[in-house]
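Participant: Let me give you the structure first, and then I'll get to my questions.
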Amino acid sequence: MVSADRISNLHEEIIHHIMSFLSFSEAIRISVLSKRLNSVWRTFPLPVIEFDQELFEEKRKRRFSGYTEDFLRRRGPDSFLRKFKLRTHCVFDIDRCVDYALENRVQELDIRSDKEENFSSLGRIVSINPEAFAAKSIRVLKLSGLELGIQNLILTDSLIEELSINHCDSLETVRVFSDKLLFFELRCEFREINLGDLKSLKSLSLRNAEIVIDLWIKENLSKLFSLENLSIEGWQYSSNIQISHPRLKNFEFLNCTEEVDLELVTPSLVSVSYSGILPSSILLTSTSTQCEARISLTSISPTIECFIALKWVLSRFRDCKLVNLEFKEQVVFPEELKERWFAPMVGLKHLRVEFEKCSCSWSHVEVVAMLLQLSVCPNTLSIVQRSTSQDPAEMIIKFNYSKKVAEPEDRAPSAK
């Protein structure tokens, strides 16, 4: 006896309500159970459409493009579409996905193509329609691993609030003049970037630029009145860099391969991160005592000169709330320096150090002894050992200090 299909006979609004409790993939599966459900599914409002090739089984990944194109062909207009996300490493008509999203006035468009998979003997062939930058409905635009089809990106009078462009070919110059932009991330080998008076911009991340950083900072940073987060990586560095901003809260200076003198005049700073070789100097001016610092050093030479430079750099962070040190290689303290060494971060209450387990042969006692040479009388010491085969192991040591009570002097017997 065949069971009656009661769901298909329900009113469309009721079936839509049932589908609203299902995930995106589950709603697609239920649409193939009957012609009626397929018809109702075509009009079911989808606020989020997401295609991720990584979620497909290995044997079905080659059918990903056909599945995506069939889905878009069978769907009706999505007046409630808020977000469209696509992640793929196969070559197919990405423009079809972008056109569908734009036709339905999508608010958030996120397209990612894994770069290493998209090269052929003829070069990159995965591209995107540049009209996406001019769409009036888009508030969030994220593009990664694509051929943009343009060399000069000019963004004016745009309603985009969050813009992220990562590993996209052909882009050489970027000009942004938009009062609506709040978050901007650019990770491309661009040669020129010009930011207008972006009074609303709060977060800026720039990486792999082929321009000199100090000149760009002098010309642009003062125009970003509301900037709170700044991340810089992979630029052509000059010897002296000054970051001066009254509202900057979080600053990252990453993968530095040249010696620099870095000065921060940032009274609102609460987080600073530096990674790369040991800098010539770091100067923190008017920095809050609630600031947390993260310093990741690629290598420390076991010479007296190098450790004197390290001591000077670390002393700049003695007033921070927390200092997190990361050593890529084992630190070997020069024996001849121990007798005239003093802790550079006197007064620091919380110190955390990370290192690769395979690169460190020290015992915990030796590590603690080394850390106490950096900070005297801390409240906590945290030691994190990372391993490629295991989760990081962290040991936290808490110190309790008692005040020494002076013993009363012996009183002489009173004369009678």
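The values are calculated or read from the model by the stated rules, or taken from the named source; none is laboratory data. These figures come from a predicted structure and were not determined experimentally. Counting neighbours? That spans all protein chains shown, and the Cβs are built from the backbone with ideal geometry, glycine included. We work out accessible area using only protein heavy atoms, side chains counted, and drop any ligands, DNA or RNA first. Shrake-Rupley method; radii C 1.70, N 1.55, O 1.52, S 1.80 Å.
Participant: Based on DSSP H runs of at least 4 residues, each adding -39500 (n - 2.57), what is the mean residue ellipticity at 222 nm of the chain after dividing by all its residues, to the nearest 500 deg cm²/dmol?
Facilitator: Per the formula, -5000 deg cm²/dmol.
Participant: To continue, here is another question. For the chain, what is the accessible area per residue in Å², given a 1.4 Å probe and the full set of protein chains?
Facilitator: 55
Participant: At q = 0.11, 0.13, 0.14 Å⁻¹, work out log10 I(q)/I(0) for the stretch 187-331 with the Debye formula, treating every Cα as an identical point scatterer and leaving solvent out; two decimals please.
Facilitator: Rounded to two decimals, the profile gives -0.41, -0.57, -0.66.
Participant: Using only the Cα atoms of the stretch 183-271, each taken as one equal point scatterer with no solvent, compute I(q) by the Debye sum, divide by I(0), and report log10 of the ratio at q = 0.13, 0.15, 0.21 Å⁻¹.
Facilitator: For the stretch 183-271 at q = 0.13, 0.15, 0.21 Å⁻¹, log10 I(q)/I(0) is -0.38, -0.51, -1.08.
Participant: With a 1.4 Å probe and every protein chain kept in, tell me what percent of the accessible surface of the chain is carbon plus sulfur.
Facilitator: Ligands and nucleic acids excluded, carbon and sulfur reach 50 percent.
Participant: What is the gain in length, in nm to one decimal, between Ser222 and Asn379 on full extension, counting 0.36 nm per residue of separation less the C-alpha to C-alpha distance?
Facilitator: 52.7 nm
Participant: Net charge near Glu292: determine it from the other residues with C-beta under 12 Å of the C-beta of Glu292, scoring Lys and Arg +1 and Asp and Glu -1.
Facilitator: Charge balance near Glu292 sits at +4.
Participant: Got a number for the accessible area of Asp197? Probe 1.4 Å, square angstrom, nearest 10.
Facilitator: 80
Participant: Compute the separation of the alpha-carbon centres of the stretch 233-272 and the stretch 10-69 and state it in Å as a whole number.
Facilitator: So the separation of the two Cα centres works out to 48 Å.
Participant: Could you check what % of the DSSP bridge pairs in the chain are antiparallel, to the nearest 5?
Facilitator: Expressed as a percentage, antiparallel bridges in the chain total about 10.
Participant: Given all pairs of different Cα atoms, what value in angstroms does the Kirkwood hydrodynamic radius of the chain take?
Facilitator: Here the Kirkwood hydrodynamic radius works out to 25.9 Å.
Participant: Here's a follow-up. Using alpha carbons only, how many degrees (0 to 90, rounded to 10) separate the axis of helix 64-74 from the longest principal axis of the chain?
Facilitator: In the chain, helix 64-74 runs at an angle near 50 degrees to the longest axis.
Participant: Still on this model: Taking 22 Å as R0, compute the FRET efficiency from the Cβ-Cβ separation of Leu337 and Ser281 and round it to 0.05.
Facilitator: 0.70
Participant: For the stretch 282-356 and the stretch 144-220, what is the separation of their Cα centres, given in Å?
Facilitator: 34
Participant: Ok, one more. Taking all protein chains together and a probe of 1.4 Å, list Tyr274, Tyr67 from the most accessible to the least accessible.
Facilitator: Of Tyr274, Tyr67, the descending order of accessible area is Tyr67, Tyr274.
Participant: May I pose another question? Which value, in Å² rounded to 10, gives the accessible area of Cys306 with a 1.4 Å probe and all protein chains present?
Facilitator: 20
Participant: If I ignore ligands, DNA and RNA and count only protein heavy atoms, how much of Asp391 is accessible to a 1.4 Å probe, in Å² to the nearest 10?
Facilitator: Approximately 130 Å² of Asp391 is accessible to the 1.4 Å probe.
Participant: May I ask which of Lys85/Lys180; Lys218/Lys349; Lys136/Lys249; Lys199/Lys349; Lys202/Lys311 have a Cα-Cα span longer than 26 Å here?
Facilitator: Flagged as over cut-off: Lys218/Lys349; Lys136/Lys249; Lys199/Lys349; Lys202/Lys311.
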